[in-house]
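Student: Before we start, here is the structure in question, set down as structure tokens.
The values are calculated or read from the model by the stated rules, or taken from the named source; none is laboratory data. Please read all numbers here as calculations on a predicted model, not as lab measurements. Neighbour counts run over all protein chains shown; Cβ positions are idealised from the backbone, glycine included.
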Amino acid sequence: MKILVTGGTGYIGAHTIVELQQQGFDVVIADNLSNSYADVVDSIELITHIRPIFEKMDLTNAGETKALFSKHPDIVGVIHFAAFKAVGESTELPLKYYQNNLFSLVNLLNSMQEFNITSLVFSSSCTVYGQPETLPVDENASVQKALSPYGNTKQICEEIISDTIHSGKLKAILLRYFNPIGAHESALIGELPIGVPNCLVPFITQTAIGKRPFLNVFGNDYNTPDGTCIRDYIHVVDLAKAHISALSRLIGKKNEENCEIFNLGTGIGYSVIEVIHSFERVSGLKLNYKITDRRAGDVEKIWAETSLANKVLGWKAEKGLDDMTLSAWNWEKKLAEKNK
Ligand code: WQD
């Protein structure tokens with residue numbers, strides 16, 4: 001069965017393709033390489049010994065999107081990752097984010113409708129919850145006003161999908177990711193931030209390898225045990241596996257509703273300091289870090305209620321924090337070797 005993976009050369013997309021291929025699916029990647037590299041296709045092939053089809057194209061172009069589906073009439077399902085995701089940049093260039101993240105979804109849905117493809121897995125985010133009143137946060141918690149245009153695009157995309165479902169044959173699973181980190185155990189694929197990383201773990205590993213002088217810890221005066229923010233970090237390979245469960249549920253017509261939403265996290269929250277300590281434990285290094293001011297827009301603490309995904313998708317995150325930080329470190333070291 002052929003699956004279209006948009007944004008397939010990106011971080012989560014690439015890990016998901018490995019799992020898809022290992023479960024016997026054929027993959028077509030659609031990616032414009034705006035924030036990733038074509039050689040990720042080689043790395044995927046090195047891991048699985050199967051080369052996914054790669055179509056370099058722009059989903060914000062309706063004609064190109066239609067042509068993609070005409071070229072691959074045997075696509076049976078779509079996993080849509082392709083999107084811009086830098087929170088800070090989205091506040092400076094909101095239209096860039098609305099144009100890219102919304103237009104690409106609309107074009108994709110139009111083509112899916114035209115070519116009668118009904119199964120969609122969509123990459124959403126826990127950012128839709130803002131700072132939840134109750135923790136762990138479950139899927140019924142209210143969606144809060146987004147703190148950034150990026151976050152808003154995820155909310156609007158969820159609404160576009162839901163409205164499309166109500167008017168036609170589409171069925172979708174919206175996966176709300178918590179904080180994906182880590183890399184494939186082969187260290188052949190991983191997170192590859194362009195420029196200065198925004199996210200914690202790439203910043204930690206780049207500091208440890210010597211690319212950055214020190215890590216700024218954004219605030220230690222939060223209402224948490226050690227004063228730093230708490231997140232639900234999830235290993236990217238665990239996260240990838242959930243996509244196979246979700247897609248199989250749709251293709252196998254096992255879904256109970258046409259729009260289902262699942263949190264993807266471990267259910268455990270760790271503070272920034274705990275992540276640093278985990279990194280120090282697995283690497284044997286001392287990390288250079290400084291406590292600095294809070295970062296605008298950060299929620300204090302969030303972690304997921306995951307029982308719905310556990311029960312309904314038959315999926316559970318298996319890897320612990322040390323597995324995550326160790327695999328991220330192995331990936332960073334391999335990158336450094338490659339770039340020598
Ligand atoms: C985690 C914690 C920071 C960097 C963001 C998006 C979200 C999702 C994933 C993706 C926070 C602290 C970070 C640093 C630090 N989207 N930190 N020093 O903000 O939870 O989620 O990425 O594509 O939508 O909002 O993740 O990794 O940036 O931060 O102290 O240099 O680490 O304050 O507490 P976040 P993050």
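Listed here are the residues, each with its yes/no results for (1) in contact with a Phe, Trp or Tyr (Cβ under 8 Å, 6 or more places away or on another chain); (2) within 9 Å of the ligand (Cβ to nearest atom).
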| position | (1), (2) |
| --- | --- |
| Ile194 | no, no |
| Asn198 | no, yes |
| Gln206 | no, no |
| Pro213 | no, no |
| Asn216 | yes, yes |
| Asn223 | no, no |
| Gly227 | no, no |
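Student: How many of the residues making up region 11-44 are part of a helix (DSSP H, G or I) and free of Cβ contacts under 8 Å to residues at least 12 places away in the same chain?
Tutor: Final tally of qualifying residues: 1.
Student: Tell me which residues, restricted to region 152-175, are closer than 19 Å to Lys96 by Cα, buried (at least 20 other Cβ atoms within 10 Å of the Cβ) and not hydrophobic (A, V, I, L, M, F, W, C).
Tutor: Asn152, Thr153, Lys154, Glu158
Student: Checking Ser167 against (1) within 16 Å of the ligand (Cβ to nearest atom); (2) modelled with pLDDT under 95, which test does it fail?
Tutor: With respect to (1) within 16 Å of the ligand (Cβ to nearest atom); (2) modelled with pLDDT under 95, Ser167 is out only on (1).
Student: Please tell me if Leu20 is touching a Phe, Trp or Tyr at 6+ places or on another chain (Cβ under 9 Å), buried (at least 18 other Cβ atoms within 10 Å of the Cβ) and within 22 Å of Leu192 (Cα to Cα).
Tutor: Taking the combined requirement at face value, the residue does not satisfy it.
Student: Check off (1) over 17 Å from the mean Cα position of the chain (by Cα); (2) in contact (Cβ under 8 Å) with a residue 40 or more places away in the chain for Glu55 and give me the number that stays unchecked.
Tutor: Of the numbered conditions (1) over 17 Å from the mean Cα position of the chain (by Cα); (2) in contact (Cβ under 8 Å) with a residue 40 or more places away in the chain, the odd one out for Glu55 is (2).
Student: Just to check your reading of the model, which residue among Asn116, Asn140 is over 25 Å from Asp58 (Cα atoms), assigned by TED's automatic domain parsing to the domain that holds Ile29 and away from the ligand (no atom under 14 Å from the Cβ)?
Tutor: From the options Asn116, Asn140, the qualifying one is Asn140.
Student: Mind checking which residues of region 307-325 are surrounded by fewer than 17 Cβ atoms within 10 Å (Cβ to Cβ) and either assigned to a loop (DSSP other than H, G, I, E, B) or within 12 Å of the ligand (Cβ to nearest atom) (or both)?
Tutor: Gly314, Lys316, Glu318, Gly320
Student: Which of the residues that make up region 79-123 are within 15 Å of the chain's Cα centre (by Cα) and touching a residue at least 60 places away in the same chain (Cβ under 8 Å)?
Tutor: Result: Ile79, His80, Phe81, Ala82, Ala83, Phe84, Lys85, Ala86, Val87, Val121, Ser123.
Student: In region 278-306, how many are away from the ligand (no atom under 11 Å from the Cβ) and either out of contact with any strand residue (DSSP E or B) (no Cβ under 9 Å at 6 or more places or on another chain) or of a type in the set (Asp, Glu) (or both)?
Tutor: Total satisfying the criteria: 9.
Student: Right, here's the next one. Considering only residues that are in contact with a Gly (Cβ under 9 Å, 6 or more places away or on another chain) and among the basic types (Lys, Arg), look in region 275-315 and name the one that is nearest to Val143 (Cα to Cα).
Tutor: It comes out as Lys301.
Student: On the given criteria, is Asp322 touching a Gly at 6+ places or on another chain (Cβ under 8 Å) and of a type outside the set (S, T, N, Q)?
Tutor: So Asp322 fails the test.
Student: Filter region 170-190 for residues that are more than 16 Å from the ligand (Cβ to nearest atom) and either assigned to a loop (DSSP other than H, G, I, E, B) or at pLDDT below 95 (or both) and give the result.
Tutor: Leu170, His184, Glu185, Ser186, Ala187, Leu188, Ile189
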